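Reading through the structure tokens given below for one structure.
The values are calculated or read from the model by the stated rules, or taken from the named source; none is laboratory data. Because the structure is predicted, anything quoted here is derived from the model rather than measured. Positions of Cβ are generated from backbone atoms using ideal geometry, with glycine treated the same way; all protein chains shown enter the neighbour counts. Ligands, DNA and RNA are excluded from the accessible area calculation, which covers all protein heavy atoms including side chains. Shrake-Rupley method; radii C 1.70, N 1.55, O 1.52, S 1.80 Å.
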Amino acid sequence: IFNSIQMPKEREEDWRYTKIDALKIESFDLNQETKISASSLSDDLIEKGVILTDINTALDKYPIAQQYFFKSTKIDKDKFVALSAAHFTNGIFLYIPKNIELEVPIRANFEGTGILHNIIIVDANSKIDLIEEYSSKDDNEQLNACVTEVFANSNSKINFYHINSWTKNVSNFTNIIGAVERDASINWISGCFGGKLNKLRIDTLFNGQGSQCSNIGVFLGKGKEHLDFATNMYHNAMQTTNEVVVDGILKDESSSVYRGLIRIEKEAQKTYS
């Protein structure tokens, strides 16, 4: 599928004002390993069934990882989502069972660039804070492509913090997809800093009645950096609530584009977005 999808063109709505004509995916090492470090789980959490491991181990060892793998993500619509599906080398898998409230945030640090896939599952009536940080120190031309799938099951709550800080020659394409079930909520808090081209897209699927989301984003551009920020909200159930605030600062010759979509289906009456 990845090989069959053409590179996006600027005339496409999702890529308007973001030029990637000069980007040649085949010129990058798609097997490059990203260094990942994550919080250690306490013995108590492990006994309760909390799982935090790398994505490759999870897909080999845990059926639930296979069950949720690309469950809410369409592979055939975006070249860089398909890139993650075809070539991911690493990523994290986090599973929180029912009725668990974590008092301490879970942190995952991604150092360097690569092709990544992450899966976060929070089961019914549980609550977590998750912080994911991406950074690079190498000034060479680099490519980072990441898909993170987040599942907030009924009456769960996720505070999801995404921060990226790239050197000047990184082309970053990050797609985050959150599926929110009945009376669950996801609060997205994101910051984008640096990168030759830094594209962050957050899709939220309101699949359950009473599901909620807030989305706060900030960005800072300098030099000739280009930042592309998108939020898409798909209201598929009744009485869902959503609020988006994105703000940024541009210095020097940097540029940015923000686009957002709110789609409310006929069955999603009494929605506030």
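So the values come out like this:
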item	result
Cα-centre dipole for the chain with unit charges at Cβ (Lys and Arg positive, Asp and Glu negative), debye to 20	640 debye
Span from the the stretch 213-273 Cα centroid across to the the stretch 82-104 one, whole angstrom	23 Å
Lys, Arg +1 and Asp, Glu -1 on Cβ, resulting dipole of the stretch 223-273 about Cα centre, debye, nearest 20	240 debye
Ranked order, 104, 150 - accessible area, probe 1.4 Å, largest first	104, 150
Estimated dipole of the stretch 1-107 in Debye, rounded to 20 [Cβ of Lys and Arg +1, of Asp and Glu -1, Cα centre]	340 debye
Restraint check, 98/199; 71/222; 9/168; 24/168; 24/137; 48/79, Cα-Cα greater than 28 Å	98/199; 71/222; 48/79
Under 19 Å from the residue 1 label point (7 Å along Cα→beta-carbon), backbone N, the stretch 193-231	201-205
Amide H partners (placed H, <5 Å) of residue 107, local residues excluded	39, 131
Local net charge near residue 163, Cβ-Cβ under 9 Å (Lys/Arg +1, Asp/Glu -1)	-2
Highest-first arrangement of 192-201, 57-66, where packing means the average Cβ count within 10 Å	192-201, 57-66
Burial ranking of peptide ranges 2-15, 85-98 (average Cβ count within 10 Å, highest at the top)	85-98, 2-15
Spatial separation of Cα centroids for the stretch 42-60 and the stretch 156-184, in angstrom	21 Å
